[in-house]
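Asker: First, the structure itself, so that you have it in front of you.
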Ligand SMILES: [Zn+2]
């Protein structure tokens, strides 16, 4: 089993790469190291939700029974992610969020 990572914007937990170094989230389409320059993850999440939380990737399908609302809810329950995200304004160091499943 390969390690999976959680997207700090939408909570999608099947990222193949950490949410850093120009990876792109298949779910919300956030391009890390690009979209999150000048925007916080909270802002990006809000924008994504305001757009109706569309599934981004054409190459990757959403998981069966995928629910963006449940997914974001789960993300916000992860205290570590929230703390990391809210303190992520400047350095790239603190952006490297990874969770073991
Ligand atoms: Zn995402």
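Derivation of every value follows stated rules applied to the coordinates shown; laboratory data play no part. Everything numeric here is computed off the predicted structure, so don't read it as measured data. Ideal geometry is used to build each Cβ from the backbone, glycine not excepted, and the neighbour counts take in all protein chains shown.
Asker: Enumerate the residues in the stretch 4-44 having an amide nitrogen under 20 Å from the point lying 7 Å beyond the Cα of residue 67 toward its Cβ.
Answerer: 7, 9-14, 27-28
Asker: Under the 0.36 nm per residue contour assumption, what length would be gained going from the current alpha-carbon distance of residue 47 and residue 2 to full extension?
Answerer: Numbers: separation 45, 0.36 × 45 = 16.20 nm, distance 3.04 nm.
Contour length minus Cα-Cα distance gives 13.2 nm.
Asker: Subtract the Cα-Cα distance of residue 31 and residue 58 from 0.36 nm times their separation in residues, and report this length gain in nm to one decimal.
Answerer: Once the chain is fully extended between residue 31 and residue 58, it gains 8.2 nm.
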